[in-house]
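Enquirer: Okay, here's the structure, questions in a sec.
The values are calculated or read from the model by the stated rules, or taken from the named source; none is laboratory data. Note that the structure is predicted; figures quoted are calculated from it, not measured. So basically every Cβ, Gly included, is an ideal-geometry build from the backbone, and we count neighbours across all protein chains shown. The protein model used for the area step is the full one, side chains on, heavy atoms only, and it has no ligands, DNA or RNA in it. Shrake-Rupley method; radii C 1.70, N 1.55, O 1.52, S 1.80 Å.
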Amino acid sequence: MKNVNVNIVFTFIQSGLIFLIASGCDKDEPVRTVTDIDNNVYKTVKIGNQEWMGENLMVERFRNGDSIGTTSTPMQDLSAVVDPNFQWSYEGNEFNAIAYGRLYTFYAITDSRGICPEGWHVPTDQEWTILIESSGGDNNAQQILKENDFNPQYGGLRSTWEFYDLELYGHFWSSTPVENTVPGAIDQVYIRTMTAGTTVVTRSYRYKKSGASLRCIKNEQ
């Protein structure tokens, strides 16, 4: 008899869970996804008139099938490398690529062979600005983005020779170089940064040889 009661209780709880799960589903909003050339599947999010990847890119090939290179060792110094067209998993650990996506140099994300899936592209600084402004502005955008399933992932950064900031910051490329008129910003590119534990998104710039995360945006229809 005791076993029967336990089964009844479990069935009741299980039914309740099923009800909760079903009630949380919105059949009018199917899950959006996009797939890259390596068959990695990413959730996408529609915010305003834009559609973005909700997860960091982790592809290892350009759209034409060519491999995106990496350094002979994860910490190789790129200071003297002229066109470092590279990608990395954080500190060379492939488990980090699964959890946080890959880090790419500016040279890799702007290569003419294309790094984003077909029909998608590297966002401009202006496209980032539109996203942030439509999500509550710099001080609150990260919270709104998270609520809309834009997962920062906080994949860290690679300088010309070392990795840092994993799980603390998400640094995201734009395709827009900084104007030569900006003091101290020669050979740098605008990025957006999301800091763990805050609601803010900041705009700054990084050297083209840095390794940062990438979110692709869908081409306008």
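Enquirer: So is L166 hydrophobic (A, V, I, L, M, F, W, C), under 17 Å from K209 (Cβ atoms) and under 14 Å from the mean Cα position of the chain (by Cα) or not?
Expert: Numbers: hydrophobic (A, V, I, L, M, F, W, C): yes; under 17 Å from K209 (Cβ atoms): no; under 14 Å from the mean Cα position of the chain (by Cα): yes.
No; evaluated as a whole, the condition is false for this residue.
Enquirer: Sort through S159, S112 and tell me the only one that's free of Cβ contacts under 8 Å to residues at least 12 places away in the same chain and over 14 Å from E60 (Cβ atoms).
Expert: After ruling out the rest, the residue left standing is S112.
Enquirer: So, one more: So in the stretch 205-221, with the set limited to residues that are under 14 Å from the mean Cα position of the chain (by Cα) and of a type outside the set (A, V, I, L, M, F, W, C), which one is surrounded by the fewest Cβ atoms within 10 Å (Cβ to Cβ)?
Expert: Filtering first and then ranking leaves K218.
Enquirer: Just name the residue that is nearest to K146 (Cα to Cα) out of those in the stretch 181-204 that are surrounded by fewer than 20 Cβ atoms within 10 Å (Cβ to Cβ) and touching a helix residue (DSSP H, G or I) at 6+ places or on another chain (Cβ under 7 Å).
Expert: That would be T199.
Enquirer: Has the stretch 99-113 got at least one residue that is within 15 Å of the chain's Cα centre (by Cα) and on the phi > 0 side of the Ramachandran plot?
Expert: Scanning the stretch 99-113 turns up at least one residue that is within 15 Å of the chain's Cα centre (by Cα) and on the phi > 0 side of the Ramachandran plot.
Enquirer: Among the residues of the stretch 55-81, count how many are open to solvent by 70 Å² or more (accessible area, probe 1.4 Å), touching a strand residue (DSSP E or B) at 6+ places or on another chain (Cβ under 7 Å) and part of a loop (DSSP other than H, G, I, E, B).
Expert: Counting residues in the stretch 55-81 that are open to solvent by 70 Å² or more (accessible area, probe 1.4 Å), touching a strand residue (DSSP E or B) at 6+ places or on another chain (Cβ under 7 Å) and part of a loop (DSSP other than H, G, I, E, B) gives 2.
Enquirer: Is it the case that some residue within the stretch 82-90 is open to solvent by 80 Å² or more (accessible area, probe 1.4 Å), at pLDDT below 95 and either assigned to a strand (DSSP E or B) or of a type in the set (A, V, I, L, M) (or both)?
Expert: Looking through the stretch 82-90, at least one residue is open to solvent by 80 Å² or more (accessible area, probe 1.4 Å), at pLDDT below 95 and either assigned to a strand (DSSP E or B) or of a type in the set (A, V, I, L, M) (or both).
Enquirer: Taking the stretch 37-51 as the region of interest, how many residues are open to solvent by 20 Å² or more (accessible area, probe 1.4 Å), β-branched (V, I, T) and touching a Gly at 6+ places or on another chain (Cβ under 8 Å)?
Expert: Count: 1.
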